[in-house]
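The values are calculated or read from the model by the stated rules, or taken from the named source; none is laboratory data. Given the structure is predicted, the values throughout are model-derived calculations rather than measurements. Positions of Cβ are backbone-derived with ideal geometry, glycine not excepted, and every protein chain shown enters the neighbour counts.
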Amino acid sequence: MTNSPPKPSKALAHGTRGAVARLLDSAQARGRLVVSVDELAAACNLSAIAVKRQIAHLADRVVRLPGRPACYLIVPPEHRERGAPPIDQWLGAYFRLRGEPYYLGLLSAAAMHGSSQQAVLVTQVMTSRPMRSIELGRVRIEGHVKAGVGTTPLTELRGLVSPLAVSSPEATSLDLVVFNASVGGIARAAQVIAGLLPVMSSAGMKKALAVETTITVKQRLGYILETVGAPKLAKVVAASLPERTARILLQPWAVNTKDRPVTVSPWNVTDNIDLSKELSS
């Protein structure tokens, strides 16, 4: 699939009246669902205001997406009740148009990798700067700001309609620890990480750890991997730790739920939520 603008010749052959609708037909026929106002204006030989006026008469056929440049999402008839097409058909094109790094992360990435204990109701996207949540009918996309989005290891998933950036299983596990408050806490993060184990590898973990600079994240992930029965991966994480680490709580914002929480070596993590019990309940 290409991001080339719709060709102006056919639209102009019929005049400018209805030109935008014809170009949207052309884009959709070629599998393009995200189009910018600027490219439509250039292709139709219209002003941006004239393009928007024509779009205003297209009812629910297109919806405005936030951000710059101004752009619209084409919503085929079969997806109008839901509010938008599946995100794998257009999300990558949207971020490419904006020129911003991104990737599908956290519970959404875990679900793509096969770890989904429950329905993922919100699409979670990692971005380099804050973005407004996108709500299109029953489709909701929320952004989470992360430094170094562009260096996070990604996985190329087969069978998708268009290219979509998705964090690797190992990078996803690290993000789940960092953003555990956004997924329901560290115990919930550990459950999802356990579901990722079949698709995780030592090589992938080394690559993900190489770009993770926060030691406490590695400590918590190592403890989680050991607790969920992944000693080989835990050993890879241990090898990335310095000789001395600070003592930390497994869940920083939780009240102790264990009578006598124990600090576990080599992670120097105090399990203040009794993770094993949480995972078995």
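Tell me whether the stretch 142-150 contains one or more residues that are under 25 Å from Ile74 (Cβ atoms), of a type in the set (Asp, Glu) and over 13 Å from the mean Cα position of the chain (by Cα). No - not one qualifying residue is present in the stretch 142-150. Of all the listed residues (Leu40, Leu23), the sole one being part of a helix (DSSP H, G or I) and touching a residue at least 24 places away in the same chain (Cβ under 8 Å) is Leu40.
Would you be able to say whether some residue in the stretch 252-263 is of a type outside the set (Lys, Arg) and modelled with pLDDT of 95 or more? No: the stretch 252-263 contains no residue that is of a type outside the set (Lys, Arg) and modelled with pLDDT of 95 or more. Of the helices (runs of 4 or more DSSP H) lying entirely inside the stretch 185-242, the ones with 2 or more residues being in contact with a strand residue (DSSP E or B) (Cβ under 9 Å, 6 or more places away or on another chain) and in contact (Cβ under 8 Å) with a residue 24 or more places away in the chain are found at 202-210, 215-227.
The requirement of being surrounded by fewer than 20 Cβ atoms within 10 Å (Cβ to Cβ) and out of contact with any helix residue (DSSP H, G or I) (no Cβ under 7 Å at 6 or more places or on another chain) is not satisfied by Leu160. What tally of residues in the stretch 68-111 results from selecting those that are exposed (fewer than 15 other Cβ atoms within 10 Å of the Cβ) and either β-branched (Val, Ile, Thr) or not in a helix (DSSP H, G or I) (or both)? Looking only at that region, the number is 7. Cβ-Cβ distances below 9 Å connect the following pairs, each with a first residue in the stretch 151-170 that is under 15 Å from Met205 (Cα atoms), a second residue that is assigned to a loop (DSSP other than H, G, I, E, B) and among the β-branched types (Val, Ile, Thr), and a separation of six or more residues or different chains: Thr151/Val211; Thr152/Val211; Pro153/Val211; Ser167/Thr152; Ser168/Thr152. In this structure, does Arg129 turn out to be over 13 Å from the mean Cα position of the chain (by Cα), over 30 Å from Arg22 (Cβ atoms) and either at pLDDT 95 or above or not hydrophobic (A, V, I, L, M, F, W, C) (or both)? In short, yes.
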